[in-house]
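The values are calculated or read from the model by the stated rules, or taken from the named source; none is laboratory data. Everything numeric here is computed off the predicted structure, so don't read it as measured data. Note that each Cβ is placed from the backbone with ideal geometry, even for glycine, and that neighbours are counted across all protein chains shown.
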Amino acid sequence: MHTPKRFLADSLITSGTQYPEKIAVVVEGQPYSYASLLDQARRLANALLARGLQRGDRVAIYMDNTWPCIVSVYAVTLAGGAFLVINPQTKADKLAYILNDSEAGILLTDLHLKNVITEAAPECNTLQRLICSGKENTLAQDLATLTQPVEFFDEVIASSEALTVPAHITPVDLAALVYTSGSTGNPKGVMHTHLSMTFALHSLIEYLRLNHDHVLLNMLPFAFDYGLYQLLMAVELGATLVLERSFTYPAQIFKRMQEYQVSVFPGVPTIFSMLLAAHARAPLSFPSVQRVTNTAAALPADYVPRLKEIFPNALIYKMYGLTECKRVCYLEPELVDTHASSVGKAIPGTEVFLLDAEGQAVPPGERGILHVRGPHIMLGYWKQPELSAHMLKPGRLPHERVLCTHDWFHMDKDGFLYFVGRSDDIIKTRGEKVSPIEVENVLHSIDGVLEAAVIGQPDELLGEKICAFVTLAPNSKLTDKEIRKICLSRLENFMAPQEVTVLDSLPKTATGKVSKKLLKEQYQRP
């Protein structure tokens, strides 16, 4: 009898039962079987329950792309909790904010992040305990200042029995919080249920035409939902995931791709740029790759023919999405040449439409605000009803809510979508949403900076690059390079400005406010 998969953990239970000896994941060259993943996830799930985890409780995972991170994701779902993966580049202030905002009681983390953890944990009101991967004999001395109890990841798993029956939840229970930058300057938690995530998962697999024989590569952080879903798709299919921490060492990744015959290559324009640069120096060819996917920023049209040289047997997918619904649309790979500037049509099982600023439908060819309808849209933002109402609008049926992306598109007579621009202040760079206010707050905290404004400028590789404009206090000797260096020390790498410009004054409106519109007009980059 076919057993429906209603929850994220169902994928692991099914694949762990059907393919126990198959390689589930290769983490930096180390293979792990489905049987091992299921067993360790069940043990950690039981340990979480024994430590007081209740249905719907949030568990924070502040880890690199590692084996413990993968085990943690599935352990939390098996235990009936909701996980949130926090980018390991996150600094202490932001980590403390997310932990407090989510009211996470348990933090699963890596020992090498100890300096950030020891700074953030004392500021966290709800955090009750930490479970830390690393060398057991160093835990006590490295985290001795914390008031919360700290346990060793492997020891917790080894001393726990496997959970035989997953915790009771329903498909509309919270599965995950995905934190993304907001216009207020603080990150906001996108609420996704098991229903929204499993629906998105099945839709992605359908249009990407994947099966259990595929070998997926992932170099993107699990805090980025594009990276997370590579794991979820692989486990759902009973396929294999080859996991790396980043694309920092391409030669090592190329070797791994050949060794494991990777067939699915997900990337963002920055990765493809590095790939094409390497190809120009010494020709590359990966005939095993059958799917190449791109999101985050538009893939330049001239990349496509060169990517086909590197991946001669691959279908190339161009896609567009938001964290609030995972994926909106995709372009059929057979149309990548004939519809080079389009991001395609709605993913299977969903609907998109364009409305003008007054909420009226727009005819083909005219620009409108993109709206998304389907089971994949978020429940809302965690503890943010006003922001939720800004994004979730009344739908076509009574009490229905649809997602308003606040992005401008136009649609041709055949239903293909074309991105026009963003209507909000958020900068989308390297696949991540960045709040200018969050960057400005850091700039304002620098001794010697008087005023600061941050805008996004179009960039072929990044989607948008972050450009900062500052004025300095009298007698300040700060340079643009020094300001950028400080930003890199206080922000995740992708949030730090690519350019810092020191001005005598910032353009103002009639009411004395800094005018970002004038900044963009006066300092438009080519």
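Using the structure shown, decide if P348 is more than 16 Å from E460 (Cα to Cα), surrounded by fewer than 19 Cβ atoms within 10 Å (Cβ to Cβ) and under 24 Å from the mean Cα position of the chain (by Cα).
yes
Can you pull out every residue in the stretch 277-316 that is farther than 27 Å from V328 by Cα and in contact with a Lys or Arg (Cβ under 9 Å, 6 or more places away or on another chain)?
H279, A280
Can you tell me which residues in the stretch 162-182 are touching a Lys or Arg at 6+ places or on another chain (Cβ under 7 Å) and aliphatic (A, V, I, L, M)?
If the condition is that a residue be touching a Lys or Arg at 6+ places or on another chain (Cβ under 7 Å) and aliphatic (A, V, I, L, M), then A162, L163, A167, I169, L177 are the ones that fit.
Looking only at the stretch 384-400, decide whether some residue is within 25 Å of the chain's Cα centre (by Cα), under 23 Å from Y179 (Cβ atoms) and in a loop (DSSP other than H, G, I, E, B).
Among the residues of the stretch 384-400, at least one is within 25 Å of the chain's Cα centre (by Cα), under 23 Å from Y179 (Cβ atoms) and in a loop (DSSP other than H, G, I, E, B), which makes the answer yes.
Looking at V268, V235, can you tell me which residue is buried (at least 22 other Cβ atoms within 10 Å of the Cβ), touching a Gly at 6+ places or on another chain (Cβ under 7 Å) and closer than 23 Å to P88 by Cβ?
Only one candidate qualifies: V268.
Does the stretch 299-318 contain at least one residue that is buried (at least 20 other Cβ atoms within 10 Å of the Cβ) and in contact (Cβ under 8 Å) with a residue 60 or more places away in the chain?
So far as the stretch 299-318 goes, yes, one or more of its residues are buried (at least 20 other Cβ atoms within 10 Å of the Cβ) and in contact (Cβ under 8 Å) with a residue 60 or more places away in the chain.
Would you call H376 touching a residue at least 40 places away in the same chain (Cβ under 8 Å) and over 23 Å from the mean Cα position of the chain (by Cα)?
no
Somewhere in the stretch 204-219, is a residue within 21 Å of L38 (Cα to Cα) and either under 16 Å from the mean Cα position of the chain (by Cα) or outside the structural domain of T323 (by TED's automatic domain parsing) (or both)?
yes
Could you list, in sequence order, all residues of the stretch 393-407 that are buried (at least 18 other Cβ atoms within 10 Å of the Cβ) and either out of contact with any strand residue (DSSP E or B) (no Cβ under 8 Å at 6 or more places or on another chain) or not charged (D, E, K, R) (or both)?
V402, L403, C404, T405
Test each condition in (1) in contact with a Phe, Trp or Tyr (Cβ under 7 Å, 6 or more places away or on another chain); (2) of a type in the set (A, V, I, L, M, F, W, C); (3) farther than 20 Å from F416 by Cβ for A282 and report the one that comes out false.
For A282, the exception is condition (1).
Just to check your reading of the model, which residue among P363, P375 is more than 17 Å from F409 (Cα to Cα) and part of a loop (DSSP other than H, G, I, E, B)?
P375
Return yes when L143 is over 21 Å from the mean Cα position of the chain (by Cα), more than 25 Å from V372 (Cβ to Cβ), modelled with pLDDT under 95 and not basic (K, R) and no when it is not.
Taking the combined requirement at face value, the residue satisfies it.
Looking only at residues in the stretch 1-45 that are closer than 18 Å to H168 by Cβ and modelled with pLDDT under 95, which one is surrounded by the most Cβ atoms within 10 Å (Cβ to Cβ)?
F7
Report every pair of residues separated by at least 6 positions or lying on different chains whose Cβ atoms are under 7 Å apart, first residue within the stretch 75-88 and over 13 Å from F224 (Cα atoms), second at pLDDT below 95 and crowded, with 24+ Cβ neighbours inside 10 Å.
T77/F7
With in contact with a Pro (Cβ under 8 Å, 6 or more places away or on another chain) and either more than 24 Å from K5 (Cα to Cα) or in a loop (DSSP other than H, G, I, E, B) (or both) as the only criterion, which of L99, L107, L113 stands out?
After ruling out the rest, the residue left standing is L113.
Residue-wise test of (1) modelled with pLDDT of 90 or more; (2) part of a strand (DSSP E or B).
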position	(1), (2)
T270	no, no
L276	no, no
V292	yes, yes
A298	no, no
E324	yes, no
P348	yes, no
L370	yes, yes
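Which one of A45, A24, A60 is more than 19 Å from M233 (Cβ to Cβ), outside the structural domain of L217 (by TED's automatic domain parsing) and either without any contact (Cβ under 8 Å) to a residue 60 or more places away in the chain or not in a helix (DSSP H, G or I) (or both)?
Testing whether each residue is more than 19 Å from M233 (Cβ to Cβ), outside the structural domain of L217 (by TED's automatic domain parsing) and either without any contact (Cβ under 8 Å) to a residue 60 or more places away in the chain or not in a helix (DSSP H, G or I) (or both) leaves just A60.
Test of understanding: among V190, V178, V165, V235, which residue is over 23 Å from G321 (Cα atoms) and not assigned by TED's automatic domain parsing to the domain that holds F494?
V165
Among the numbered criteria (1) within 23 Å of M219 (Cβ to Cβ); (2) assigned to a helix (DSSP H, G or I), which single criterion is violated by P88?
(2)
In a helix (DSSP H, G or I), more than 23 Å from D225 (Cβ to Cβ) and either touching a Pro at 6+ places or on another chain (Cβ under 8 Å) or among the basic types (K, R) (or both): does that describe R55?
The answer is no for R55.
Within the set of pairs 6+ apart or on separate chains, which have a first residue in the stretch 112-126 that is closer than 14 Å to P149 by Cα, a second that is small (G, A, S) and surrounded by 15 or more Cβ atoms within 10 Å (Cβ to Cβ), and C-beta atoms under 7 Å apart?
Short answer, once both residue conditions are applied: C124/A96; T126/A104; T126/G105.
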